[in-house]
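Some notes on the structure that comes next.
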Amino acid sequence: MNRITTLICLLVILTLFLLGCNSNTSSSSGFGSGSGYSLNITTSNTSIPEGGSATLIVAGKDAQGNPVNDSVQGVTFSSTLGGSFSPVSPFLSSGVATSVFTASGGSTPTPAAAVGVTQITASYKGAIAYMSIYVFKP
């Protein structure tokens, strides 16, 4: 990890600590853009236990600011600490797509790297948005 990434992770952990790690705290990435599209990823669960889940909602806009309506190509997700994503719903006419992120761990032994702040990345046709979710040992 470079120093900036480490500092960001520490700030997120401090913020979550000060908020009491409330699992009902919502978060939004703000719009990330690229290739004429922009994305905003939100969740209502910014803090989940190992093996826990958070619903991710992605709003997409085209270069003219119109909601993306793409029933063929969906959003691609990744997580820095692993985990899985449910099949992504395609963008609806409202420009919204959803997926459920499930953190690694739970009933099976988990490597220490699966606990901490995971960066969720959402991408669609060159546009990228990021958000962080804190994964903790229950």
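Numerical summary
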{"item": "Verdict on V117 being open to solvent by less than 40 Å² (accessible area, probe 1.4 Å), at pLDDT below 95, among the aliphatic types (A, V, I, L, M) and in contact with a Cys (Cβ under 8 Å, 6 or more places away or on another chain)", "result": "yes"}
{"item": "Enumeration of residues in segment 35-61 that are open to solvent by less than 40 Å² (accessible area, probe 1.4 Å), on the phi < 0 side of the Ramachandran plot and of a type outside the set (S, T, Y)", "result": "L39, N40, I41, N45, I48, E50, G52, A54, L56, V58, A59, G60"}
{"item": "Output for segment 62-87, where each listed residue is under 30 Å from G105 (Cα atoms) and open to solvent by 50 Å² or more (accessible area, probe 1.4 Å)", "result": "Q73, T76, S78, T80, S84, F85, P87"}
{"item": "V135, sole failed condition from (1) open to solvent by less than 40 Å² (accessible area, probe 1.4 Å); (2) part of a strand (DSSP E or B); (3) under 30 Å from G36 (Cβ atoms)", "result": "(3)"}
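The values are calculated or read from the model by the stated rules, or taken from the named source; none is laboratory data. Everything numeric here is computed off the predicted structure, so don't read it as measured data. Positions of Cβ are backbone-derived with ideal geometry, glycine not excepted, and every protein chain shown enters the neighbour counts. For accessibility, only protein heavy atoms count, side chains too; no ligands or nucleic acids. Shrake-Rupley method; radii C 1.70, N 1.55, O 1.52, S 1.80 Å.
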